[in-house]
1. When every alpha-carbon pair in the range 105-189 is counted, what percent end up more than 14 Å apart?
2. Largest first, please: the extent of the C-alpha atoms of the range 65-164 along each principal axis, to the nearest Å.
3. Run the quick spin-label model on Asp119 and Lys49: label points 7 Å from Cα toward the beta carbon, then report their separation in nm to one decimal.
4. Pairs Lys108/Lys191; Lys18/Lys108; Lys10/Lys49: which exceed 29 Å Cα-Cα?
5. If you stretched the chain out fully between Asp168 and Asn24, how much longer would it get, using 0.36 nm times the residue separation minus the C-alpha to C-alpha distance?
6. Over the range 136-175, with a single point scatterer placed on each C-alpha, what log10 of the ratio I(q)/I(0) does the Debye formula yield at q = 0.32 1/Å?
7. Please state the relative contact order of the chain as a whole percent: Cα pairs under 8 Å, 6+ residues apart?
8. With loop defined by DSSP as not H, G, I, E or B, and exposure as at most 14 other Cβ atoms within 10 Å, which is the longest segment of the chain clear of exposed GluC sites (Glu not before Pro)?
Amino acid sequence: MAGRFSNLTKIPTDPAAKLLAQANMKLETRLDAPASASVEDVLSELDAKGANVDLLRLLSIALPPRERVWWACLAARDIVGAGVDNETPSLQASEAWVFRPGDETREKAIASTEHADNDDVTVHCAMAVMYSDGTSGTGDLAQVPAPPGGSSIAAFAMNVEAIATRTDDFDAYIQELIDRAVDIGRGGNGKRKENGEIA
């Protein structure tokens, strides 16, 4: 739809190809857009081609660190449910970092990955926090580069995990994840309003 990807004020103005290269990620879809095309233009082309996975992949790269982690946390909430009783340590620590980014909250998110259950997919949120600034952590680890695109890959993985739980409304849910990322990219919170629209 026209304007679906407009006004993405939180997203860098760099060409999409540059952001993809920096994250060492490639789209599976063959693009007609030139290498200089903006994120908005590439998202629009991917949307027209029905390339939903690549849409999610590019959004995971284009969103800034805090917004990216928040997007991942919302997907995690879709799996575990709302409220303190449902949250995992990784989800709790990741949400805390979004609201109060800094070494202390980042260290708690990183620590949560070391004690998480093997089947706890919400560790992807904490991994997105761990690599959020392009390094592997705080202190001495701040001198160790993160894997290229590490934070983006983790956020993308969290959304894919959420998709895997939605067999009844698979296609509609993917569109919701895309619209959620777009809303966050515009400065919104990505949450639904009472009428079902993204806030």
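Read-outs throughout are calculated quantities, based only on the coordinates presented, and are distinct from any laboratory measurement. The shown structure was predicted, so the numbers you read here are calculated from the model rather than taken from an experiment. Every residue, glycine among them, receives a Cβ derived from its backbone with ideal geometry; neighbour counts consider all protein chains shown.
1. Every Cα pair in the range 105-189 considered, those over 14 Å come to 69 percent.
2. The Cα atoms of the range 65-164 stretch 36, 25, 23 Å along the principal axes, largest first.
3. If labels sit at Asp119 and Lys49, their model points lie 3.8 nm apart.
4. Details: Lys108/Lys191 25 Å; Lys18/Lys108 32 Å; Lys10/Lys49 24 Å.
In this structure, Lys18/Lys108 lie more than 29 Å apart at Cα.
5. Values: separation 144, 0.36 × 144 = 51.84 nm, distance 3.34 nm.
Full extension of this stretch gives 48.5 nm more.
6. -0.99
7. Details: 294 pairs, mean separation 46.3, N = 199.
Taking the mean separation of contacting Cα pairs over the length of the chain, I get 23 percent.
8. Details: sites that count: Glu28, Glu194, Glu197.
Between the exposed loop sites, the longest stretch runs 29-193.
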